[in-house]
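Please read the structure below before turning to the comments.
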């Protein structure tokens, strides 16, 4: 009888809700029940967002809504293939010299923050994770959390390794040897222009595509992550496309082009490339991976082949493993390795964003320049005196590295409602 009542309640909830097609609500209810959380969907005050699968950047979700969308983020990744590396048999073990940061604790208990890590002088000095009674029922030390657009920067780091392993000649190499790009605006372009989001694709793509392919109707998704590079280039919006002026244009399709180009150029050694980065160098503790599409996850179920460009920049790792990867990036820079030279090279070749929007309190709108999928030139942090690069992703994902002071800040979050300026920018800026 109780089960019937729950089903009836869910039916009423979904029929009257603004997002009635949310397929995860039953899974969420089952998960709550199976994990003995003494909660059910009927006990929660969840706001569903119309015609979207995530929280809008300017949304003001309550705690229950944040909990539900955290569950969705994790559940959504299960449908995709995983392209990554297993945990190292000898993971890097951090040293700690912890201090209490009352403001971080306060933000952790009042905002959508999941994890806050500060690394300085070779040790973790601030380490906070969301309490169990807040979001700890879904987020733990081993939870592989979304990177969102932080994954774009990791694609760049991967590209640097492909260059250093000899698969790609350098950042000035031209993309004229990959058949999938022929008869598109990307063909024969310099890699550095693609990495700098200056592909001349502004007519076709902004954050998402500007329009749907003519042959597929208005209902076609404009999200480039919903299909393969082959589809976008040969059947989709970029078929017979013409390049515009090379200027900064933030586009989600571009990093997918790059990571799949690296896969193509690695000549069957892509897995070895990943393992060298994540197992041998970063020494991650748990598996880490990019998402890969399959015939069930592309729009309208097109059959997907390995050569179609099916890898997305979307990346998953645990909170400490994000720091391990960031430390590997820092070590490369400071040790002036081949990959370190790549990082310094893209930093030197950075371009101005020329954004008409500017907000010093925003992780994405504060930095003035862009360098190979990294953000640079933050307000009050002179690039002539300080080498600082940042990674930014939807929902408040943030990694910021001060290469000169050896400091790293890593944040995982469900939503960007925390004080980024005080928790991240000001911490890196002071540079003790």
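Table for the structure above
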| read-out | value |
| --- | --- |
| Qualifying residue in segment 123-146 (condition: touching a helix residue (DSSP H, G or I) at 6+ places or on another chain (Cβ under 9 Å) and assigned to a helix (DSSP H, G or I)) | yes |
| Filter result for the condition that a residue is farther than 30 Å from residue 39 by Cβ, touching a strand residue (DSSP E or B) at 6+ places or on another chain (Cβ under 6 Å) and part of a helix (DSSP H, G or I), over 158, 118, 154, 180 | 154 |
| Which numbered condition residue 106 misses (of (1) farther than 30 Å from residue 226 by Cβ; (2) in contact (Cβ under 8 Å) with a residue 24 or more places away in the chain; (3) in a helix (DSSP H, G or I)) | (2) |
| Single condition residue 167 does not satisfy, out of (1) in the same structural domain as residue 258 (by TED's automatic domain parsing); (2) closer than 22 Å to residue 290 by Cα; (3) touching a residue at least 40 places away in the same chain (Cβ under 8 Å) | (1) |
| Selected residue [out of contact with any strand residue (DSSP E or B) (no Cβ under 8 Å at 6 or more places or on another chain), modelled with pLDDT of 95 or more and on the phi < 0 side of the Ramachandran plot] from 426, 398, 382 | 426 |
| Test: residue in segment 72-93 that is touching a helix residue (DSSP H, G or I) at 6+ places or on another chain (Cβ under 7 Å) and assigned to a helix (DSSP H, G or I) | yes |
| Leading residue by the ranking (modelled with the lowest pLDDT) among those in segment 46-73 that are surrounded by fewer than 14 Cβ atoms within 10 Å (Cβ to Cβ) and over 19 Å from residue 131 (Cβ atoms) | 51 |
| Filter pass, residue 324 being within 21 Å of residue 399 (Cα to Cα), in contact (Cβ under 8 Å) with a residue 24 or more places away in the chain and assigned to a strand (DSSP E or B) | no |
| Test result for residue 102, within 23 Å of residue 318 (Cα to Cα) and outside the structural domain of residue 287 (by TED's automatic domain parsing) | no |
| Lone qualifier among 395, 380, 390 - being assigned to a helix (DSSP H, G or I) and touching a helix residue (DSSP H, G or I) at 6+ places or on another chain (Cβ under 9 Å) | 395 |
| Residue in segment 251-259 that is in the same structural domain as residue 199 (by TED's automatic domain parsing), crowded, with 16+ Cβ neighbours inside 10 Å, over 24 Å from residue 375 (Cβ atoms) and in contact with a strand residue (DSSP E or B) (Cβ under 8 Å, 6 or more places away or on another chain) present | no |
| From 180, 154, residue being more than 22 Å from the chain's Cα centre (by Cα) and within 24 Å of residue 81 (Cβ to Cβ) | 180 |
| Unique match (being out of contact with any helix residue (DSSP H, G or I) (no Cβ under 8 Å at 6 or more places or on another chain) and within 28 Å of residue 93 (Cβ to Cβ)) among 327, 285, 356 | 327 |
| Some residue of segment 265-278 being closer than 21 Å to residue 196 by Cβ and in the same structural domain as residue 209 (by TED's automatic domain parsing) | yes |
| Candidates 330, 310, 323, filtered to the one that is under 19 Å from residue 259 (Cα atoms), under 20 Å from the mean Cα position of the chain (by Cα), surrounded by 17 or more Cβ atoms within 10 Å (Cβ to Cβ) and at pLDDT 95 or above | 310 |
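The values are calculated or read from the model by the stated rules, or taken from the named source; none is laboratory data. Being a predicted model, the structure only gives us computed values, none of them experimental. Note that each Cβ is placed from the backbone with ideal geometry, even for glycine, and that neighbours are counted across all protein chains shown.
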